[in-house]
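Right, one structure below, let's go through it.
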Amino acid sequence: MLEFEDNIKLIYSEKGEKWLKDLPILQKNIAAHWNLRDLTPCADLSFNYAASGWQGDLPVILKIGIDLPAMRRECDAINAFKAHGIIKILAYDLEKGAILITRAIPGETLITLFPDRDTEALRVACNLATLLHQTSIPVVHNFPFLDDWLSIIDSDWQVPQQHLVLARKLKQQLLSNTSQHVLLHGDMHYANILSDGDSWIVIDPKGVIGDPLYDMTGALLREPFKQMMQLTDITQILLKRIEFIAQYCKVDTRLIWKWTYLQNVMSICWSLEDGEDVTRKIQFLDILHKCYLA
Ligand SMILES: Nc1ncnc2c1ncn2[C@@H]1O[C@H](COP(=O)(O)OP(=O)(O)OP(=O)(O)O)[C@@H](O)[C@H]1O
Ligand SMILES: [Mg+2]
């Protein structure tokens with residue numbers, strides 16, 4: 001729980017401390033209302049609280065977030081994807097930032113395949129992303145567009161200037177070349193894909209509209225970040241990943257590299273906005289930069 005609590009305090013300061021203090025009673029009230037029992041916090045929480053438990057005989061996950069608009073978008077996205085490759089919403093109370101979802105069992109993340117079976121894991125992720133992308137964008141919706149997300153890189157950040165300059169150029173190029181807009185998961189990576197029976201299922205969508213390549217690049221190529229940064233052959237793994245995704249999507253490797261690079265710069269800006277240390281993310285970006293020249 002420590003990383004989760006630290007993150008909440010870092011991002012939300014006093015409001016975060018109060019939310020954390022009130023969380024046990026909030027969970028108790030919601031559990032009483034939805035008839036939940038045996039709630040146990042999930043391991044590896046980062047920005048939202050999630051607890052595993054039961055509603056009658058049904059295995060469930062209760063997820064509660066401090067960021068109410070984000071929880072609403074997550075709920076809308078899960079509903080829009082209509083259970084195609086993604087878990088189901090059982091109940092929600094968006095004023096409390098709470099959703100109740102079906103629990104994946106056994107619920108191991110796709111990280112368990114990394115690094116030895118990385119290609120197999122990438123294929124699982126790409127197949128699931130492709131399935132999600134078949135969804136029709138709801139006629140009435142509140143999802144942001146990738147253009148909105150990417151506008152963050154236009155501000156000034158404490159990032160080596162060459163990265164920002166290149167990312168801004170890529171942003172223009174990639175957005176103007178987008179020919180298909182789909183409802184994206186927005187945070188497609190191994191930790192958000194869980195084993196469910198004999199197959200895999202997606203959790204934790206952000207819900208954003210844009211080029212399908214966004215879900216196949218960016219976070220998917222960077223994560224699992226901590227494990228990735230401990231490897232000695234990061235460049236090799238990255239090149240192999242880029243090659244695989246390019247073949248899967250039937251596009252040029254350079255296009256995959258561009259989306260990955262752009263998303264990583266944006267992710268660094270997000271981290272800086274949250275007051276996080278980005279040293280290792282910049283190291284990764286430098287490695288990624290060299291991959292293009294390799
Ligand atoms: N439907 C589910 N079935 C089983 N376990 C789940 C489910 N949803 C969430 N979990 C567990 O809770 C953890 C956190 O869930 P989730 O990814 O939704 O939270 P988050 O804080 O939004 O994540 P992130 O780290 O991406 O910000 C997952 O890694 C997983 O262990
Ligand atoms: Mg997650």
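For the range 223-248, give me the residue count where each residue is part of a helix (DSSP H, G or I) and either aromatic (Phe, Trp, Tyr) or touching a residue at least 40 places away in the same chain (Cβ under 8 Å) (or both). Selection size over the range 223-248: 15. For the range 193-222, filtering for residues that are closer than 26 Å to THR102 by Cα, without any contact (Cβ under 8 Å) to a residue 60 or more places away in the chain and not hydroxyl-bearing (Ser, Thr, Tyr) leaves 2. Only one of the numbered conditions (1) part of a strand (DSSP E or B); (2) within 12 Å of ligand 1 (Cβ to nearest atom); (3) of a type in the set (Ser, Thr, Tyr); (4) under 18 Å from ASP204 (Cβ atoms) is not met by THR40, and that is (4). Return the pairs, sorted by first residue and then second, in which the second residue is more than 9 Å from ligand 1 (Cβ to nearest atom) and part of a loop (DSSP other than H, G, I, E, B), the first residue lies in the range 38-58 and is farther than 20 Å from LYS96 by Cβ and open to solvent by 30 Å² or more (accessible area, probe 1.4 Å), the beta carbons are less than 8 Å apart, and the residues are 6+ apart or on different chains. Within 8 Å, the pairs are GLY56/ASN35. Within the range 152-209, the only residue that satisfies the criterion of being under 19 Å from GLU273 (Cβ atoms), within 16 Å of ligand 1 (Cβ to nearest atom) and open to solvent by 50 Å² or more (accessible area, probe 1.4 Å) is LYS206.
Checking each residue in the range 114-137 for being under 14 Å from ILE203 (Cα atoms) and open to solvent by 50 Å² or more (accessible area, probe 1.4 Å) picks out only LEU131. Within the range 87-113, being in contact with a helix residue (DSSP H, G or I) (Cβ under 6 Å, 6 or more places away or on another chain), open to solvent by 10 Å² or more (accessible area, probe 1.4 Å) and among the aliphatic types (A, V, I, L, M) holds for ILE89, LEU94, ILE111, LEU113. GLN227 meets the conditions (1) among the polar types (S, T, N, Q); (2) within 16 Å of ligand 1 (Cβ to nearest atom); (3) open to solvent by less than 10 Å² (accessible area, probe 1.4 Å) in every case but one. The failed one is (3). Of everything in the range 70-88 that's assigned to a loop (DSSP other than H, G, I, E, B) and either free of Cβ contacts under 8 Å to residues at least 24 places away in the same chain or within 14 Å of ligand 2 (Cβ to nearest atom) (or both), which residue is farthest from ARG123 (Cα to Cα)? Once the filter is applied, the top-ranked residue is LYS88.
Once the range 89-112 is narrowed to residues that are of a type in the set (D, E, K, R) and part of a strand (DSSP E or B), the residue that is farthest from ILE64 (Cα to Cα) is GLU108. The one condition from (1) under 14 Å from the mean Cα position of the chain (by Cα); (2) part of a helix (DSSP H, G or I); (3) under 19 Å from VAL265 (Cα atoms); (4) within 16 Å of ligand 2 (Cβ to nearest atom) that ALA191 does not meet is (3).
The values are calculated or read from the model by the stated rules, or taken from the named source; none is laboratory data. The shown structure was predicted, so the numbers you read here are calculated from the model rather than taken from an experiment. Using ideal geometry, Cβ is built from the backbone for each residue, glycine included, and neighbour counts are taken over all protein chains shown. Protein only, heavy atoms only, side chains kept; ligands, DNA and RNA dropped before computing areas. Shrake-Rupley method; radii C 1.70, N 1.55, O 1.52, S 1.80 Å.
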